[in-house]
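Asks: Next up is a structure, given as structure tokens.
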Amino acid sequence: MKKILRQNRLILLLILFLQGGYSFAQTDIDAIMMEKNAFCVGPMYSYSSWKNYWEGTLKRDNQNLGRVSTQMVGLMGNYGITRNLNALFSAPYVITKASAGTLHGLKGIQDLSLFLKLRALQKKIGYGRLSLFGIGGVSFPLSNYVADYLPLSIGLHSKTASARIMVDYQRGNLFVTGSATYVYRDNIKIDRDAYYTTEMHYTNEVRMPDGANYNFRAGFRNQRMIAEVILNNWTTLGGFDITRNNMPFPSNKMNATTVGINLKYVLPPLPQLSIVAGGSTTVAGRNMGQATDVYGSFFYVFNLAGKKKSTGKTTKTN
Amino acid sequence: MKKIIFFLVILIAATSLLFVACNKNIENRTDNTAALNPANIDLNAGTWKPVLLIGPTEFPVAAPIATNSPDYIAQINEIKTWQADLTGAEQASVKYWSAGAVFRWNEILRELVAKHNLPPYQNPDGTYPAPNANNPLAYPQFPFANPPYAARAYAYFSAAQYDALVAAWYYKMLYNRPAPYTVDATVNVLIPKSTLPSYPSEDAVVEGAAVEMLKLLFPGDQDFIQQKAEEHKRARIIAGANVRSDIEAGELLGKQVAQKFVTRARGDRAGTAGGNQTVWTQLETDCIARGEVPWISQETPKRPPMLPLFGKVKTFLFDSLTMVTQIRPAAPPSTSSQQFKDETNEVLYYSQNPTRERMRIIQFWADGVATFTPPGHWNAIAAEDFLKQNFSEVRWARNMALLNMAEMDAAVVCWDAKFTYFNPRPSQVDPRIKTLTGLPNFPSYISGHSIFSAAAATILGHIIPARATDYTNMATEAEMSRLYGAIHYRSDIEKGFTAGVKVGNYAIQRAVTDGAE
């Protein structure tokens, strides 16, 4: 539930902003590359909340939680090592809250995510252009926050590594992008030294199931703006269901399918500056909250090589 | 083309790194426990004082067949047949059970408690269903193994095993049947050898008593329990530790002794401890009549208090008059007093200023929903320490019984105080107080964690004096975790601790007079 939220964050952050809600322009999961020596950086804010959640596969609410919300304030950046190889990072501060019941929310710095994004191939096919990407990422906690306090913990405190294949096809101003990601999640340590999942464990270590993410996005894209719809699925490869009226646990089988939109606009008078906004909602899930989120951010492009030509315009993928 | 190759190389390297670099398997602390090899086999334990039995011969054990009889030789051959073709799973089973019968069954009970420690979900009309022992698999499953239920379960379970083992030791001495490997030197023995007579099997006594108690306590988990029982008995035969007749006699004795405990449990008033609407209303009315603010459930919809009549349950270590006159704490600070306001403000401070270290303490000791509860936590602490002491099975059982009778009686004392005073939780009187752990659904005064922990630390400090200071420090941390978590006032934990020490001292009183020291 909250966990979900948090999980979303994590996944996002850690993995790569897989969630539609976090699909900012120039992220690890879109087909946009920065030019060589261009550094795009900016703050982001997101608000996500849910009232209903899936307890296993059973959808329910919880009057002792009310609406569970997660706010994130983060810094994201993307640097063009070459026009075909970009490095990306993000780091968020997370605040959780439950609107009902007695449980205290938590806040803190969550995880640092780093990605390398390689455009391996560009090829003209018919009237359009096909691009193939490989993306690798890692993430790790930036603070010793509590993971075992779901749904109000700010993250799952797992180190992750991810590998993604992404294909993009653009024809004129229209594009489609699809990607598949495998996310390895390291075991975590919790503050208690015994816990029950589907059996008793006498250890403070929790085996974290890996995850897979599938992302499909399509829409309008040119140098000035992007408008896209996003379908995203996160599937935990393993894990267990929350039992009836139980609390969530970090190694639950958390799945979510979200649909969302993402918009980016480059300001005509100041082409180094772009505005990004979007939102998503959860259409199916398991052991997660049915979250809806909105986000917004500004990005500014610096040219670290000293040239004046760089702008926030995205490099065309075709 | 070069680019494609580069890309593929990176992808393959990254992916293989993911799969190769990481072995995520986790070991439990007790997975590789060494086989029990008692420093002292406690040959005189047949003379120790039982809890419920009138004496060790209350349930007679028939004389065993002679070790030169054809039947016995057939039983020896059963061992040899198993040993001729051992699978890895069978060897693992022998190793698992060799850690100790009382220890492993204690772990199994903790697991059952954790599985069943889940509050029922409400009905559509906002009332709450109660688990039904006669229909344990229907939702809400029976039992809801909350702390009082669990404390009582651990106590009966442990005390029944202890009494059954006292009787077993009596008959071991009486019949003096040697172990199979002593009778027949060609029998392999897969566990440490012992000079303890093997009839009746102490392992089967523990298993029989456990299974019989668990029919009452966890009636919906019989498949799991019976599977463990069969595995346990087979492991003893495979190990060469017992012949079948040792096992059968032990199991029967364990079941018979446990039935006496089942009879006591059926009449100990726990079955009616849930109360009813009349009882719940009366508690509130009485509290208001005393001029105090009554406890109100902070759950939505409002949940009836947990087992409000558990304070009436029959205790093991003292009688109810002693409890009321010697142990029950004086009334908490009046809800209209300055002290109450000051203590509430202290809770507010901890609510608003959580530190990471305090969060660790809160989490470590929370023992809330889906855990083995605070008494279970102290069972785990005790068990892992007992493993290092090389106790005999009968001493293991005796020490677990002392611990768990103290924990159950602590639960009774605690619930008596909670429902005598019906004191509100901090977050009820000051809604600014948000809790850093789940808020239990029963009155505040006195703190269950404090009395459970102090009682456990007191008796464990007597059993292992070298650890006494550690136990006290752990208990102090456990009680403070409830103030840090913003669910208890300082008075709750201080008076809870004091009451816990008193309960623990009654357990010590029994310990010094039961013949085992």
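The values are calculated or read from the model by the stated rules, or taken from the named source; none is laboratory data. Remember, predicted model here, so these are calculated numbers, not experimental data. Quick reminder, even Gly has a Cβ in these numbers, built from the backbone with ideal geometry, and neighbours come from all protein chains shown. Keep in mind that these areas ignore ligands, DNA and RNA; they rest on the heavy atoms of the full protein, side chains included. Shrake-Rupley method; radii C 1.70, N 1.55, O 1.52, S 1.80 Å.
Asks: Considering only residues of the stretch B:88-126 that are in contact with a Ser or Thr (Cβ under 7 Å, 6 or more places away or on another chain) and part of a loop (DSSP other than H, G, I, E, B), which is surrounded by the most Cβ atoms within 10 Å (Cβ to Cβ)?
Replies: Filtering first and then ranking leaves B:N117.
Asks: Check B:Y421 against each of (1) within 14 Å of chain A (Cβ to nearest Cβ); (2) open to solvent by 20 Å² or more (accessible area, probe 1.4 Å) and name the one condition it does not meet.
Replies: In the conditions (1) within 14 Å of chain A (Cβ to nearest Cβ); (2) open to solvent by 20 Å² or more (accessible area, probe 1.4 Å), B:Y421 misses (1) alone.
Asks: May I ask you to verify whether A:K97 is open to solvent by 60 Å² or more (accessible area, probe 1.4 Å), at negative phi and part of a strand (DSSP E or B)?
Replies: So A:K97 fits the description; yes.
Asks: Determine whether A:L121 is modelled with pLDDT of 95 or more, more than 22 Å from the chain's Cα centre (by Cα) and either of a type outside the set (G, A, S) or outside any loop (DSSP other than H, G, I, E, B) (or both). If you could, list the steps in order and put the result at the bottom.
Replies: Details: modelled with pLDDT of 95 or more: yes; more than 22 Å from the chain's Cα centre (by Cα): yes; either of a type outside the set (G, A, S) or outside any loop (DSSP other than H, G, I, E, B) (or both): yes.
Yes; evaluated as a whole, the condition is true for this residue.
Asks: Still on this model: Identify the residue in the stretch A:124-144 that is open to solvent by less than 10 Å² (accessible area, probe 1.4 Å) and more than 21 Å from the chain's Cα centre (by Cα) and, among all such residues, is farthest from B:M359 (Cα to Cα).
Replies: Going through the qualifying residues, I end up with A:G128.
Asks: Those residues that are among the small types (G, A, S) and under 17 Å from B:P354 (Cβ atoms), I need them from the stretch B:449-502; list them, please.
Replies: Within the stretch B:449-502, B:S481, B:G485, B:A486 meet the criteria.
Asks: Could you pull out the residue among A:N318, A:N303 that is at pLDDT below 95, open to solvent by 30 Å² or more (accessible area, probe 1.4 Å) and in contact with a Gly (Cβ under 9 Å, 6 or more places away or on another chain)?
Replies: When all the criteria are applied, what remains is A:N318.
Per-residue answers, yes or no, for (1) under 22 Å from B:T315 (Cβ atoms); (2) part of a helix (DSSP H, G or I):
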{"residue": "B:D409", "(1), (2)": "yes, yes"}
{"residue": "B:F452", "(1), (2)": "yes, yes"}
{"residue": "B:T458", "(1), (2)": "yes, yes"}
{"residue": "B:T469", "(1), (2)": "no, yes"}
{"residue": "B:L483", "(1), (2)": "no, yes"}
{"residue": "B:A486", "(1), (2)": "no, no"}
{"residue": "B:E494", "(1), (2)": "no, yes"}
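Asks: Go through A:T203, A:T181, A:T198 for me and flag whichever is at the interface with chain B (Cβ under 7 Å from one of its Cβ atoms) and at pLDDT 95 or above.
Replies: Being at the interface with chain B (Cβ under 7 Å from one of its Cβ atoms) and at pLDDT 95 or above holds for just one of A:T203, A:T181, A:T198, which is A:T203.
Asks: Can I ask one more? Could you tell me whether any residue of the stretch B:136-158 is outside the structural domain of B:Q389 (by TED's automatic domain parsing), part of a helix (DSSP H, G or I), of a type outside the set (A, V, I, L, M, F, W, C) and within 24 Å of B:D31 (Cα to Cα)?
Replies: Checking the stretch B:136-158: at least one residue is outside the structural domain of B:Q389 (by TED's automatic domain parsing), part of a helix (DSSP H, G or I), of a type outside the set (A, V, I, L, M, F, W, C) and within 24 Å of B:D31 (Cα to Cα).
Asks: Go through the residues of the stretch B:335-356 one by one and say whether even a single one is surrounded by fewer than 15 Cβ atoms within 10 Å (Cβ to Cβ), within 32 Å of the chain's Cα centre (by Cα) and within 10 Å of chain A (Cβ to nearest Cβ).
Replies: yes
Asks: Anything in the stretch B:307-316 that is among the hydrophobic types (A, V, I, L, M, F, W, C) and either within 14 Å of another protein chain (Cβ to nearest Cβ) or open to solvent by 30 Å² or more (accessible area, probe 1.4 Å) (or both)? List them, or say none.
Replies: Hits for the stretch B:307-316 are B:L307, B:L309, B:F316.
Asks: Identify the residue in the stretch A:184-195 that is of a type outside the set (D, E, K, R) and touching a residue at least 40 places away in the same chain (Cβ under 8 Å) and, among all such residues, is farthest from the other protein chains (Cβ to nearest Cβ).
Replies: Ranking the qualifying residues of the stretch A:184-195, first place goes to A:I188.
Asks: Has the stretch A:234-247 got at least one residue that is among the small types (G, A, S), within 30 Å of B:A370 (Cα to Cα) and either surrounded by 18 or more Cβ atoms within 10 Å (Cβ to Cβ) or within 14 Å of chain B (Cβ to nearest Cβ) (or both)?
Replies: Kept after step one, since they are among the small types (G, A, S), are these residues of the stretch A:234-247: A:238-239.
Imposing the further condition that a residue be within 30 Å of B:A370 (Cα to Cα) reduces the set to A:238-239.
When the remaining residues are screened for being either surrounded by 18 or more Cβ atoms within 10 Å (Cβ to Cβ) or within 14 Å of chain B (Cβ to nearest Cβ) (or both), the result is A:238-239.
Among the residues of the stretch A:234-247, at least one is among the small types (G, A, S), within 30 Å of B:A370 (Cα to Cα) and either surrounded by 18 or more Cβ atoms within 10 Å (Cβ to Cβ) or within 14 Å of chain B (Cβ to nearest Cβ) (or both), which makes the answer yes.
Asks: A further question on this structure: Within the stretch B:401-411, can one find any residue that is out of contact with any strand residue (DSSP E or B) (no Cβ under 9 Å at 6 or more places or on another chain) and open to solvent by 10 Å² or more (accessible area, probe 1.4 Å)?
Replies: Scanning the stretch B:401-411, I find no residue that is out of contact with any strand residue (DSSP E or B) (no Cβ under 9 Å at 6 or more places or on another chain) and open to solvent by 10 Å² or more (accessible area, probe 1.4 Å), so the answer is no.
Asks: Of the conditions (1) more than 26 Å from B:I451 (Cα to Cα); (2) away from chain A (no Cβ under 14 Å); (3) not aromatic (F, W, Y), B:A138 fails just one. Which one is it?
Replies: (2) is the only condition that B:A138 fails.
Asks: Separate question: Testing B:F386 on (1) within 26 Å of A:E205 (Cα to Cα); (2) within 14 Å of chain A (Cβ to nearest Cβ); (3) in contact (Cβ under 8 Å) with a residue 40 or more places away in the chain; (4) in a helix (DSSP H, G or I), one condition comes back false. Which one is that?
Replies: Answer for B:F386: the failing condition is (2).
Asks: If you don't mind, there's one more thing I want to ask. Collect the residues in the stretch A:139-178 that are within 13 Å of another protein chain (Cβ to nearest Cβ), among the hydrophobic types (A, V, I, L, M, F, W, C), under 25 Å from A:G289 (Cα atoms) and outside any loop (DSSP other than H, G, I, E, B), keeping them in residue-number order.
Replies: Within the stretch A:139-178, just A:A161 meets the criteria.
Asks: If you don't mind, there's one more thing I want to ask. For B:T263, indicate whether it is touching a residue at least 12 places away in the same chain (Cβ under 8 Å), open to solvent by 80 Å² or more (accessible area, probe 1.4 Å) and hydroxyl-bearing (S, T, Y).
Replies: no
Asks: Is there a residue in the stretch B:436-443 that is more than 30 Å from B:D203 (Cβ to Cβ), within 14 Å of chain A (Cβ to nearest Cβ), touching a His at 6+ places or on another chain (Cβ under 6 Å) and crowded, with 24+ Cβ neighbours inside 10 Å?
Replies: Yes, that holds for at least one residue.
Asks: Report yes if some residue within the stretch A:266-282 is modelled with pLDDT of 95 or more, outside any strand (DSSP E or B) and of a type outside the set (D, E, K, R); otherwise report no.
Replies: Scanning the stretch A:266-282 turns up no residue that is modelled with pLDDT of 95 or more, outside any strand (DSSP E or B) and of a type outside the set (D, E, K, R).
Asks: Look at the stretch A:81-94 and say how many of its residues are without any contact (Cβ under 8 Å) to a residue 60 or more places away in the chain and either assigned to a strand (DSSP E or B) or among the aromatic types (F, W, Y) (or both).
Replies: From the stretch A:81-94, those without any contact (Cβ under 8 Å) to a residue 60 or more places away in the chain are A:81-82, A:84-85, A:87, A:89, A:93; that's our starting set.
Imposing the further condition that a residue be either assigned to a strand (DSSP E or B) or among the aromatic types (F, W, Y) (or both) reduces the set to A:81-82, A:85, A:87, A:89, A:93.
Residues in the stretch A:81-94 being without any contact (Cβ under 8 Å) to a residue 60 or more places away in the chain and either assigned to a strand (DSSP E or B) or among the aromatic types (F, W, Y) (or both): 6 in total.
Asks: Consider B:P38 against the criteria (1) touching a residue at least 12 places away in the same chain (Cβ under 8 Å); (2) of a type outside the set (V, I, T); (3) open to solvent by 70 Å² or more (accessible area, probe 1.4 Å): it satisfies all of them except one. Which criterion is unmet?
Replies: Tallying (1) touching a residue at least 12 places away in the same chain (Cβ under 8 Å); (2) of a type outside the set (V, I, T); (3) open to solvent by 70 Å² or more (accessible area, probe 1.4 Å), B:P38 fails exactly one: (3).
Asks: Collect the residues in the stretch A:214-230 that are in a strand (DSSP E or B) and surrounded by fewer than 22 Cβ atoms within 10 Å (Cβ to Cβ), keeping them in residue-number order.
Replies: Matches in the stretch A:214-230: A:Y214, A:F216, A:A218, A:G219, A:F220, A:M225, A:A227, A:V229.
Asks: Has the stretch B:158-165 got any residue that is open to solvent by 30 Å² or more (accessible area, probe 1.4 Å) and at pLDDT 95 or above?
Replies: Of the residues in the stretch B:158-165, the ones open to solvent by 30 Å² or more (accessible area, probe 1.4 Å) are none.
The answer is no; no qualifying residue exists.
Asks: Here's a check for you: in the stretch A:283-294, which residue that is open to solvent by less than 10 Å² (accessible area, probe 1.4 Å) and part of a loop (DSSP other than H, G, I, E, B) is nearest to A:G239 (Cα to Cα)?
Replies: Taking the candidates together, the pick is A:N287.
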